[in-house]
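The next block holds one structure in the form of structure tokens; read it before the comments.
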């Protein structure tokens, strides 16, 4: 029970998108129940009923009403539990944050998936594309502590969970993110030390094992 | 000059994404300058400097500061000029509006483009996919006047400009949207009569001529 009613998260342990919701709820100090979905064995009726269009996690049920899509869930959490704020209050800074949110949502996870879903020349192209995207993010970060400046917030929450998959991309693609984007890598280390982040993120080694299994199933190896 | 400084829109006449910004500015009664970009002959230095990552219109320059990505621009306009509101003030209703915004942004224009970019069996698949998307939107609309209920707002603004391209999809794909989604078609007619919409939307016949030319250039015909 929270001061604003019941919050239930339909979750999947490896999903960086579910981790976004968890970090946001931890940041706000919201008590919530987390229910693991069996995405491969059979999704729950509650998931299918709550998200009939995409049938995907995360779903946040707040007092029984479903909120869908992780970026939207973070925005909702920020509106319902305003303290501490995650999205900047200045419309211009909020617009900048949303621009990078959109950039991350359109590019990072899909570009990373192209690395583990491919081999040979195709994988080389995927790696090059992925690193270019990280370089654009590194440029946006600049010398700031977090994406919005000194304060941890929206863009950090959207990006940091995906970095739990970087070990998988590195091992399968034989490269090191740190060699290509040192400032962004320093941001990853710094941000992963934050308590709300540390307890929300999946173990990178377990993500790697999960994806190695997936590659075998898909016949990629 | 507006009461909150200067607004300049970098525009392209046929772009449904630019029309979203124009409708929003008209709804708010904001005076703005509209500058047509030559997307094929050469983009302006101002566009390239304002949006170095995507190099796309629309760009809204408000007091010289660039706001990028059309959905983000509409959100920004709603925050800076609050009356009349476009995004619902209730966090749950705002989350629902953002869910459909995201659905529209990911699906409608790209699915429509697949119709005019293809031929034969591939075009049949594209048409089927496009109509399924419209049916999902029709279900979301239900018997309401606008997507959020009685009041014109965010989701209407994001979707209505893309319908200026429907004549093109219909002529090239040999089908009628009205036969498949009667309620959504009634919403289109109703919404296009709104003054702020009527003056922002491109002429569907001109869009069709533009795309016929594009198909010839791409060797599709």
* To do: Would you check which residues across the range B:166-215 are under 18 Å from residue B:122 (Cβ atoms) and assigned to a helix (DSSP H, G or I) and list them?
  => B:168, B:169, B:170, B:171, B:172, B:173, B:211, B:214, B:215
* Asked: Within the range A:180-191, can one find any residue that is under 18 Å from residue A:15 (Cα atoms) and either free of Cβ contacts under 8 Å to residues at least 40 places away in the same chain or surrounded by fewer than 15 Cβ atoms within 10 Å (Cβ to Cβ) (or both)?
  -> yes
* Within the range A:159-172, identify whether any single residue is free of Cβ contacts under 8 Å to residues at least 24 places away in the same chain, farther than 18 Å from residue A:105 by Cα and touching a helix residue (DSSP H, G or I) at 6+ places or on another chain (Cβ under 7 Å), and answer yes or no. => yes
* Asked: in a loop (DSSP other than H, G, I, E, B) and under 23 Å from residue A:65 (Cβ atoms), is that true of residue B:53?
  -> no
* Select from the range B:74-113 the residues that are away from chain A (no Cβ under 14 Å), surrounded by 18 or more Cβ atoms within 10 Å (Cβ to Cβ) and without any contact (Cβ under 8 Å) to a residue 40 or more places away in the chain and list them in ascending order. => B:111
* When the range B:57-70 is examined, which residues are found to be touching a residue at least 12 places away in the same chain (Cβ under 8 Å), surrounded by fewer than 21 Cβ atoms within 10 Å (Cβ to Cβ) and either assigned to a loop (DSSP other than H, G, I, E, B) or within 8 Å of another protein chain (Cβ to nearest Cβ) (or both)? -> B:63, B:64
* To do: Return yes or no: is residue B:126 within 9 Å of chain A (Cβ to nearest Cβ), modelled with pLDDT of 95 or more, crowded, with 17+ Cβ neighbours inside 10 Å and assigned to a helix (DSSP H, G or I)?
  => no
* Do we find a residue being more than 11 Å from chain A (Cβ to nearest Cβ), at pLDDT 95 or above and surrounded by fewer than 16 Cβ atoms within 10 Å (Cβ to Cβ) anywhere in the range B:133-142? -> yes
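The values are calculated or read from the model by the stated rules, or taken from the named source; none is laboratory data. Quantities reported herein were computed from a predicted structural model and do not represent experimental measurements. As a convention, Cβ positions derive from the backbone with ideal geometry for all residues, glycine included, and neighbour counts pool all protein chains shown.
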